[in-house]
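Below is one structure, written out as C-alpha cells; comments come after it.
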Amino acid sequence: MGAGMLDEMRVEPPGDAPRPMPSDDAHLADHLQAALNGVPAAIFTFDQSLNLIFANDRVTTLLGAAPEQLAECSTVFDLLAACKGLDYVTAQRVGGAVLAATASNEPRHPPIALSPGDAKTAFNLQISKSGSDHWMVLFEDVTARRAAESEAIPQTLRDPLTGLPNRKHLNDRIADVVATVIGRTQVWMILVDLDRFKTVNDTLGHPIGDAVLKIVGRRLTSAMRDSDEVARLGGDEFALLIRGRPEPEAVATVARRLIDVLGRPYLIEGHLIHIGASLGIASSQDISEHDHLFKNADLALYAAKKAGRNTFSFFDPAMEARAHKRRAMEIDLRKAIALRQFELHYQPQIDLDLNTITGFEALVRWRHPEHGLVPPNDFIPLAEEIGLIVAIGEWVLREACRDAVHWPESISVAVNVSPCQFENAAALVTSIEKALKASGLPGNRLEVEITESVLLRKESAVLSALHAMRALGVRIAMDDFGTGYSSLSQLSSFPFDKIKIDRSFVTSKGDCKDQNAIVRAITALGISLGMATIAEGVETSEELARIRANGCTSVQGYHFSRPLPIEQVDGLIAGFAARHPIATPQAA
Amino acid sequence: MTLYRILYCSRSELADSPAAGAEEIRQILAKSRANNARDDITGGLFFSNQCFAQVLEGPAEKVEETFERIQCDMRHRDVTVLEAGPIATRDFPAWSMAFTGSTDASAFGQAVLSAAFSGQTQAGDKLLDILRSVVVREDEWLANEAA
Ligand SMILES: Cc1cc2nc3c(=O)[nH]c(=O)nc-3n(C[C@H](O)[C@H](O)[C@H](O)COP(=O)(O)O)c2cc1C
C-alpha cells in the first residue's frame with residue numbers, strides 16, 4: 001500500500017475546469033499522504049462495499065498491522081484482522097460498528113473496550129463519511145491526553161497519600177457529567193470500602209496501613225479503564241466513576257473483578273496482609289441531583305456490608321425506605337434511653353438434678369410508646385452500630401443487679417454483654433464494679449455472658465478485662481456456643497465458668513442424631529475443662545428428655561418458663577418446686 | 001540484603017484454547033524473564049489444568065514489587081499464598097523463571113494444586129518439590145500445546 005491508493009482519492013475536477021499540472025497533482029498527493037501520516041491517529045478509508053482505499057502509517061505503528069500484510073488487505077475486515085495491536089474482541093466490535101454505520105448511513109463514535117492485555121492504551125474511535133460514498137475510520141490514541149488530563153489535576157484536588165483525585169475533584173466531575181448527561185447517557189458510581197482495614201492499622205501500625213492504601217489505589221487504577229475515574233474519599237473509602245453506558249451486568253463484572261483484585265494478598269515489608277472490599281453501586285439514571293449519586297451508592301454500600309462484606313450491591317429505591325426507617329428508629333432509640341423505656345425480663349435457668357432455679361438470664365425489652373414491646377433482635381444491632389449499646393448495657397447491668405439482690409442467695413443473674421462494650425474494656429469493668437457496689441449484690445451472683453466474637457479480636461485488653469471481672473467474683477459464660485467458627489480454640493484462651501449450648505442444637509429437627517452427638521460432645525468437653533454446661537431454648541418435654549439423655553443437666557427455655565417481667569419472678573421462684581415435682585433420679 | 005521467597009497458586013484466566021493459552025504463557029514468561037533478570041529474581045512457574053503455581057525468590061524489596069505487579073494481573077485470579085518468608089539460599093539460582101506445564105488431567109500437579117487451594121499444609125512443600133525438580137520441558141510443552 002502506498003501512493004497508489006492515494007491516487008484514488010484524488011478528486012477529479014469537472015471536465016471543463018482547467019486541469020492542474022500533473023506535477024502539482026502528484027505533489028498534492030504526496031503532500032496529503034505525508035499530512036495524513038503526521039496525524040496522531042490511525043486512519044483508513046473505504047467505500048460503501050467496505051473495500052479498503054487508504055490506510056496511513058499509524059495503522060502500522062499504532063494498531064500493529066505489518067506493512068507487508070497491509071499491502072495484501074483488500075477489505076476493512078482484512079485490515080482489522082491484520083491489526084495485531086487489537087485483540088480479537090475489540091477488532092470484532094470495530095467491524096460491527098463499521099457495518100452498522102454503513103448500513104444506517106450514519107457516523108458513529110462507539111465506545112470501544114480496550115484489549116485486556118494492554119489496558120494502558122486508550123483509543124477514541126470515530127467512523128465518519130468522507131464524501132458521498134466513502135467512509136473513514138479514525139483511531140485516535142488518547143493515552144497521552146488522558147494521562148495529561150489526570151496530570152493536570154492540581155495538587156489541591158488530590159489525595160496526598162495515594163496521589164489519586166480527592167472527593168472534591170470527584171464531586172466536580174460528577175456535577176459536570178450529571179449536568180450534561182441526565183436522561184441521555186449514564187454514569188455509574190462504585191463506592192469502595194475496605195473490610196478489616198482497621199485491624200491492619202491497629203495491629204501493624206499506620207505506616208503499613210498507609211502502604212496498603214497506596215497499593216489499593218494502584219490496584220484500583222490498574223483494574224479500571226483510563227476513561228474511568230478513581231478517587232480516594234478519605235480513610236479507607238475510594239470511589240470510581242464509570243462513564244459510557246455499560247449494562248448493569250457489565251458493571252457487576254467490573255465489581256467482581258475489583259473485589260477479586262482488592263482481596264488478593266498484600267505483601268508489605270515482609271507482612272502478608274489480607275483485607276477485603278465491599279462495594280456499593282449507583283447509576284445516574286436514578287437521580288436528579290448530583291449529590292444523590294453519592295447518597296445512593298452509600299446506601300448500596302451499607303447493604304453490601306450488611307450482606308456479609310466482600311460483596312457488592314446495586315442501589316435499589318427500597319433501600320431509601322429502609323434507611324428512613326432506620327433513622328426514625330435511631331431517633332426513637334436515643335429518646336428511649338432518656339425516657340427509660342427499657343425493661344428487663346427474666347428467664348429461669350434450671351438445674352435438673354437438684355430441680356431448682358439456679359439463676360435467671362436478664363433479657364432487655366424496649367417498650368416503644370407506639371410499637372409496643374420491641375424484641376432485642378430488632379433494636380440491639382442498631383444500638384451496637386450507633387454506639388448506644390454502651391449506655392443500654394450499663395443500664396441493664398445496674399438494673400439486673402438491683403433486682404437480683406432481692407432473690408434468694410442461691411440464685412444468680414446472667415447479663416449479656418455485647419462485643420461493642422468491650423471496645424472500651426476498662427470502662428466495662430468499672431461499670432460492673434459500680435453496679436455491684438450500688439446494689440450490694442455479691443460478685444459471685446453475677447454472670448456475664450459473652451459471645452466468642454469478643455475473643456476473636458485477640459486483644460490483651462479484652463483478656464485482662466475478663467480476668468478483672470473474675471477478680472470481682474463475677475462468672476463468665478460463653479454464649480451461643482457452637483455457632484461461631486473457632487469455638488474450641490476460643491475456649492482455651494480463657495477459663496470460662498460456663499458454656500451455653502446454642503438453641504440450634506436443642507430444637508428438635510428430624511432424627512436429631514447429629515444434634516445429639518454435638519450436645520454430648522459439648523457436655524463432655526465442659527466436664528473435662530471444668531466448665532458447667534447449660535442448654536438454651538428447651539421448648540418441649542421431648543427436647544428436655546433428649547438433652548438430659550445426652551448428659552446435660554442444666555437448661556433454660558419456654559418448657560419451664562418464658563422470660564417474665566420482674567413482678568412475676570418472685571412468684572415463679574416460690575411456686576417452682578410445687579409445679580415441678582422432684583424428677584426421678586437417673587440410673588447411674 | 002535479605003533473601004525472601006514467596007510461593008502462591010492461582011487460577012488461570014488465559015484463553016481456553018491451548019494454542020492461544022500457550023501463546024499467552026510465552027508472553028508472560030518472556031516478560032518475567034526480562035524483568036526478573038533485571039531485578040535479581042529467580043524462581044519457577046508451574047501451569048496445569050488452568051492453575052498456576054509460582055515461586056519467586058530474591059531481594060525482599062524486589063520480591064514485594066514483583067509480587068504486587070503479578071497481583072494486579074487479570075490473567076489469573078484467586079491468588080492463594082502458600083508460603084512467604086526469608087530464606088537462606090535460593091532454590092532456583094540459575095533460573096530467572098523456570099517453567100513446567102502439564103495438561104494431563106490426572107496429573108500429580110492437579111492433586112497438588114487442589115490440595116493447595118483447599119489449604120492443606122503440606123501442599124506448599126510438595127509444590128516446591130515439583131518446582132525444584134523441574135527439568136525444563138518448556139519448549140516441548142509449548143510446542144505440544146500449540147500443535
Ligand atoms: C502467573 C503469572 C506469573 C507472572 N510472573 C511474573 C514474574 O515472575 N515476573 C514479572 O516481572 N512478571 C510476571 N508476571 C507478569 C506481571 O503480572 C506483569 O504483567 C508484568 O510484571 C508487568 O511488567 P512491566 O511493568 O515491565 O510491563 C506474571 C503474570 C502471571 C499471570
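The values are calculated or read from the model by the stated rules, or taken from the named source; none is laboratory data. Not measured: the values here are computed from a predicted model. Cβ atoms come from the backbone with ideal geometry, glycine included; neighbour counts cover every protein chain shown. Heavy atoms of the whole protein, side chains included, go into the accessibility calculation; ligands, DNA and RNA do not. Shrake-Rupley method; radii C 1.70, N 1.55, O 1.52, S 1.80 Å.
Annotations for the structure displayed:
- Partner shielding of B:58-71 amounts to 3, given as the average count of beta-carbon atoms from other chains within 10 Å of each residue beta-carbon.
- For chain A: rounded, prolate or oblate by the Cα gyration tensor [a/c cutoff 1.5]: prolate
- Relative contact order for chain A: 8 percent, from Cα pairs under 8 Å spaced at least 6 residues apart, divided by residue count.
- MRE, 222 nm, helices only [DSSP H, n ≥ 4, -39500 (n - 2.57), over chain A, to nearest 500]: -13500 deg cm²/dmol
- Threshold 40 Å² - residues in segment B:78-93 whose accessible area is reduced by that much or more when the chain is no longer isolated, probe 1.4 Å: B:81
- For chain A, hydrophobic long helices are taken as DSSP H runs at least 18 Å long by C-alpha position along their axis with mean Kyte-Doolittle hydropathy of 0.0 or more; these are A:88-104, A:206-223, A:248-263, A:389-404, A:425-439, A:513-529, A:566-579.
- Remark: segment A:153-315 is approximated by an ellipsoid whose semi-axes, taken from the C-alpha gyration tensor as √(5λ), come to 26, 17, 13 Å, largest first.
- Extending 7 Å from Cα along the Cβ direction at residue A:330 and again at residue A:354 yields two label points whose distance is 4.7 nm.
- Gyration tensor (Cα) of segment A:390-579, equivalent ellipsoid semi-axes in angstrom: 27, 23, 13
- Simple spin-label estimate for residue A:373 and residue A:144 in nanometres, 7 Å along Cα-Cβ: 7.7
- For chain A, size of Cβ-based charge dipole, Lys and Arg +1, Asp and Glu -1, in debye: 1880
- Solvent-accessible area, 1.4 Å probe, carbon plus sulfur percent, for segment A:477-571: 56
- Across the protein chains, with a 1.4 Å probe defining accessible surface, the residues A:493, A:541, A:418 rank A:541, A:493, A:418 from largest area downward.
- Calculated FRET efficiency, residue A:172 to residue A:152, Cβ-Cβ distance, R0 = 22 Å: about 0.95 to the nearest 0.05.
- Over 26 Å (Cα to Cα) - which of A:335/A:500; A:168/A:214; A:168/A:198; A:335/A:437 fall in this group: A:335/A:500; A:335/A:437
- Bridgeable aspartates and glutamates around residue A:305 (alpha carbons under 17 Å apart, same-chain partners fewer than 8 residues away excluded): A:193, A:195, A:236, A:237, A:260, A:316, A:320, A:384, A:385.
- The modelled label-to-label distance between residue A:558 and residue A:204, using points 7 Å beyond Cα along the C-beta direction, is 4.9 nm.
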